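Below: one structure, written as structure tokens.
The values are calculated or read from the model by the stated rules, or taken from the named source; none is laboratory data. None of the values given here were measured: they were computed from a predicted structure. All Cβ positions, glycine included, derive from the backbone under ideal geometry; neighbour counts span all protein chains shown.
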Amino acid sequence: MTFLYPAVIAIAVLLTAAATAGYVALQKRRSAALAAAGFKSLGGGGVRKHLPTALLLAALPVMLVGLARPQAEVAVPRVAGTVLLAFDISNSMSANDVAPTRLGAAQEAAKAYVQDQPDTVDVGVLVFGDQALLTQAPTDDHNAAIAAIGRASAGGGTSLGQAILVALGTITGKPVSLPAEGAAAPDLGYWPSATIVVFSDGEETGGPDVQAAAELAAAAGVRIQTVGVGTAKGATVEVDGFQLGTALDETLLSTVAQVTGGSYQQAGDAAALAASTGSIDLRLTTEKEPIELTAPFAAAALLLLTLGGLLGVRWHGRIV
């Protein structure tokens, strides 16, 4: 327990001690006066004699502690943390087997996903083709994240491994790369409240090893959720005058999710994709929040004052 005004605690101790000493001295003077007048005692037994006043005296420190603004930290469950939305913007994402295109459907589903998140969740956006680029740092301004999602456009190859490394660098605040062969993996710390959500058709064309990057994320406590965009039947896209076939490849996306303890969601059309983002879960974390206890202390002091007053009137015809 902490106090906003700790000096009041010292005052409470001094005043309570002074009030108690004053009451004891008063009783001694009364007893001495009665003895001088030939009386042996004042009133009835010890409990009846002193309990009302004891209750009134006990109310004093309780009330003063309340004035010190006591606070206690309570672990409150909440959906919180950081979400990085990673969009595959390779040429294959311009395929129209999901209307209007794979990328367009992913953008619309992601926008709805962001709108559903509480203010306690910071959302960032990165896009990846041959390279990965952070286009919106994690922020609680969800409108800024939605605007960044809308700016993504398709073109180039696919490097999911690079996307994971850039996302981890954003989460940890330092550049992240795969260790050289035989070298120890970097210590990235532990970030269990961070989640990476990947929207991709799963067609990898090169770059850092995807599974090794996923293992780095898993070691850092970062979960990767993957959303497959496209259909198994696939479609064709035109690249530099050539017609290239492209289809959803779920194997890589499922593997990445499983390595990090995340889940894979498959979406065959725009409506299913939007529904799949609704099933992406964030981690429920606990965060310590200060709870002010002034009211309970005030209520306890009032109860002691009331009991002391009622007993004093009932037993002695007066409060003290």
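Some points to look at:
- Residue match in region 99-111 (condition: aliphatic (A, V, I, L, M), touching a strand residue (DSSP E or B) at 6+ places or on another chain (Cβ under 7 Å), at pLDDT 85 or above and not in a helix (DSSP H, G or I)): no
- Enumerated strands (runs of 3 or more DSSP E) restricted to region 233-286, each holding at least 3 residues that are over 27 Å from the mean Cα position of the chain (by Cα) and at pLDDT 65 or above: 235-239, 242-246
- Extreme residue, nearest to Glu73 (Cα to Cα), among residues of region 25-41 that are surrounded by 11 or more Cβ atoms within 10 Å (Cβ to Cβ) and among the aliphatic types (A, V, I, L, M): Leu26
- Set Leu34, Leu42, Leu56: member being under 16 Å from Val24 (Cα atoms), outside any strand (DSSP E or B) and modelled with pLDDT of 75 or more: Leu56
- Any hit, region 72-83, residues being more than 30 Å from Glu108 (Cβ to Cβ), at pLDDT 80 or above and either outside any strand (DSSP E or B) or of a type in the set (Gly, Ala, Ser) (or both): yes
- No other residue among Ala180, Ala212, Ala217 is at pLDDT below 90 and either of a type outside the set (Ser, Thr, Tyr) or outside any loop (DSSP other than H, G, I, E, B) (or both) apart from Ala180.
- Meets criteria (at pLDDT 80 or above, surrounded by 14 or more Cβ atoms within 10 Å (Cβ to Cβ) and not charged (D, E, K, R)) for Gln225: yes
- Residue among Ile146, Ile164 that alone is farther than 21 Å from Ala220 by Cα, at pLDDT 95 or above and crowded, with 17+ Cβ neighbours inside 10 Å: Ile146
- If the condition is being of a type in the set (Gly, Ala, Ser) and part of a loop (DSSP other than H, G, I, E, B), then region 153-177 contributes Ser153, Ala154, Gly155, Gly156, Gly157, Ser159, Gly173, Ser177.
- Residues within region 118-127 that are at pLDDT below 95 and buried (at least 18 other Cβ atoms within 10 Å of the Cβ), tallied: 3
- Checked against (1) farther than 23 Å from Asp141 by Cβ; (2) buried (at least 24 other Cβ atoms within 10 Å of the Cβ); (3) not small (Gly, Ala, Ser), Asp97 meets all criteria but (2).
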